[in-house]
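Here's the structure we're looking at; comments come further down.
No value in this document is a laboratory result; all are computed from the given coordinates. Keep in mind that what you see is a predicted model, and the values were worked out from it rather than measured. Neighbour counts are summed over all protein chains in view; Cβ atoms, including those assigned to glycine, are modelled from backbone coordinates with ideal geometry.
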Amino acid sequence: MTGSALRKSLRKPAALKKVAVLASGRGSNFQAVIDAIEAGTIPARCVALITDNPKAYAIGRAEKHGIPVTIVDYGKFGSRGAYEKALLAAMRDAGADLFVLAGYMRILGQEIASEFAGKMMNIHPALLPSFPGLHAQRQAVIHGVKLSGCTVHFVDDCLDGGPIILQRCVTVLEGDDEDSLADRILEQEHIAFPEAVRLFCEDRLSIEGRIVRIRE
Ligand code: GRF
């Protein structure tokens, strides 16, 4: 047995982490995380779904799996500041060790980014730092890149700019359009996102400046 295999076999099983998910819509990445938790691949409990959209399809997914839902309906607040305050309160109430943004379609304010620094991750459908922001797959097709993919990164106060945890590549094919590329990237998202959540929940990630180290 090698030294690293011995260390792994002696490692105590990690205590279950509490994971909360923020999602605004379909929630297929949320589902991938739920499935990995239920399969025992991620040592975690999903303690909350927080959504800004009362019509999010993700709500039904949470209900089906007995996950408490908090709706912070963006449309009901008079200002972005008031919404952010309510969102911050909902996040504090969730008391999670990790917050995952799974298709959460709003930019988070600085207060939230700094309060949950190192405890919040996002998935983006491009190989960052290329194509941050909206319509990343469309940007990739228009730009004519030959490779695209997805990135899971920690969230900081810079849009899609935080330290990168994992990336997976997708070849852009002749004749691809935004939708066909998005479909193939999504397949990779459903692998990358639960994997990054698992690494966090196993206490295997550390951040050194911009670099995320992954322990064996
Ligand atoms: C995904 O493509 C994700 O990368 C982006 O928003 C989309 C959400 O999809 N941030 P879903 O709601 O997880 O199905």
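Filter the GluC sites (Glu not before Pro) in the range 153-201 down to the DSSP loop ones having no more than 15 other Cβ atoms within 10 Å, then list what survives.
Glu174
By how many nm would the segment from Arg45 to Ile207 lengthen if fully extended, with 0.36 nm per residue of separation less the alpha-carbon distance?
56.0 nm
Starting from the Cα-Cα distance between Cys158 and Arg80, subtract it from 0.36 nm times their residue separation and give me the gain in nm to one decimal.
Difference between extended and current length: 26.3 nm.
Given a 10 angstrom Cα cut-off, can you work out which residue in Ile42, Ile164, Ile191 is the most mobile in a GNM of the chain?
Fluctuation is largest for Ile191.
Divide, for the range 15-214, the radius of gyration over alpha carbons by 2.2 N^0.38 Å, where N is the residue count.
0.98
Suppose every Lys and Arg Cβ carries +1 and every Asp and Glu Cβ carries -1, with no other charges. What dipole size does the chain come out with about its Cα centre, to the nearest 20 debye?
740 debye
Separation of the range 130-203 and the range 50-74 by C-alpha centroid, Å?
Centre-to-centre distance over Cα atoms comes out at 24 Å.
Considering all alpha-carbon pairs of the range 65-123, what whole percent are spaced by more than 13 angstrom?
65 percent
Using alpha-carbon pairs under 8 Å, 6+ residues apart, how would you state the relative contact order of the range 15-214 in percent?
20 percent
Give me the Kirkwood hydrodynamic radius of the range 20-129, using the inverse of the mean 1/r over all pairs of distinct Cα atoms, in Å to one decimal.
14.2 Å
Just to be sure I understand: of the beta bridges DSSP finds with both ends in the chain, what percent are antiparallel, rounded to 5?
Here the antiparallel bridges make up roughly 45 percent for the chain.
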